[in-house]
Every structure is written in structure tokens, then in C-alpha cells.
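Before any comments, here is the structure.
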Amino acid sequence: MDSSVKQRLYEFCKSFIENRLVRINSNIDSLQEALTSETKSSAGDKHETGRAMIQLEREKLGNQLAEAQLLQELFKKIPPHTKTSMVGLGSLVITDQHNYYMGISAGELKLDGVSYFAIAPNTPIGKLLLGKAVGDMVVFNSRKIVIRQIE
């Protein structure tokens, strides 16, 4: 297995988090502008309702931002270049069913026509794979999955 695949998966996860942070911050900035213009242009009950809606949305985005920042901090702890005999954080796991990168839940990435799924250790499949070795078998959704390789 080419170690550049693992590096590309690491970079995919890293950019997934960075893009999420940029998107959330951009939405927060837009809401701040809306709040400012709402203050200048409206009056009465409609004004208060508009401000309350913006405040609720801002709180929701604040929570999303905190989650994304926590995810980024956790991601920084993933060793990008280690190779172990057991599945752990940062492992590339090749099975007879699918290929997994144990890091964060970032979806699927196709590299050279091969699909890889970026998963977090706390996902159902992540929990099953964590700590397993080559040749071990897990059952997920009534299907047997055999680990063929760990990078």
C-alpha cells in the first residue's frame, strides 16, 4: 500500500475541518451584519422577533463552531505517519468490504478509483475496528468484515 494514500486521506480530513470552520465563521459574520442592519432599519415587535431569530441562529452557529474547534484539536492528535499492527487513531484499514481511515467522520474519498471512508473511532464501525489486527473479523450490519491490512 502506498503511504501517500494515507497522507492524502489525512489531508482530506484536515481540509474537511478547515472548510467547515470557514463556512461557520462566514455564517456568523453574515448574521452579525444582519443583526446590525436589523437594529438600524426596524421598529416595534417585528424588530424584536427578527433580532431574537438572529440571536437563536447565532447561538446555534456558536455551538457548531465550538464542536468544529474541538474536532480540530482532536484531529491534531492523529499521528499522520505511524504504522501499527492494531487499528488505532490514524490507521488506514483495508478490509474485504471497504477501506477506512480512522480519524474523523468526513465521508468518502475516491483515490485512483478506490473508495476510502474517513470514520471516527466513536462511530459504530469505528468502535468495532478499534484495537483489531490483520486477520480479525468483525460483524457489522449482519455482514462479516475481515481486516486484510493496516497501514
Given [x] 11, 32, 23, 14, 11, 7, 1; [y] 11, 43, 37, 8, 1, 0; [z] 10, 34, 26, 10, 7, 7, 5, 2, 0, which label gives P(r) over Cα pairs in 10 Å bins from 0, in percent as computed from the coordinates? [x]
Please compute the modelled spin-label separation between Ala34 and Ala66, points set 7 Å along Cα→Cβ, answer in nm with one decimal. 2.1
Hits among aspartates and glutamates - C-alpha to C-alpha of Lys83 under 14 Å, sequence gap 8 or more where chains match: Asp2, Glu151
So how do 83-96, 60-73 stack up, highest first, on mean other-Cβ count within 10 Å? 83-96, 60-73
Stick to the Cα atoms of region 51-111, pair each with every other, and give me the Kirkwood hydrodynamic radius in Å at one decimal. 14.3
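At 1.4 Å probe size, with the rest of the protein present, what percent of the exposed accessible area of the chain is carbon and sulfur atoms?
53
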Whose amide H sits under 5 Å from the amide H of Tyr101, counting only residues 5 or more places off or on another chain, with H placed in the peptide plane? Val93, Phe117, Ala118, Ile119
Among DSSP beta bridges whose residues both lie in the chain, state the antiparallel percentage, nearest 5. 85
Heavy-atom accessible area per residue - the chain, 1.4 Å, Å²: 59
Which listed pairs, of Lys6/Lys127; Lys77/Lys144; Lys14/Lys144, have C-alpha distances above 28 Å, in listed order: Lys77/Lys144; Lys14/Lys144
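The values are calculated or read from the model by the stated rules, or taken from the named source; none is laboratory data. Note that the coordinates shown come from a computational prediction; the quantities given were computed from them, not determined experimentally. Every residue, glycine as well, gets a Cβ built from its backbone with ideal geometry; the counts of neighbours run over all protein chains shown. With ligands, DNA and RNA removed, areas are computed over all heavy atoms of the protein, side chains included. Shrake-Rupley method; radii C 1.70, N 1.55, O 1.52, S 1.80 Å.
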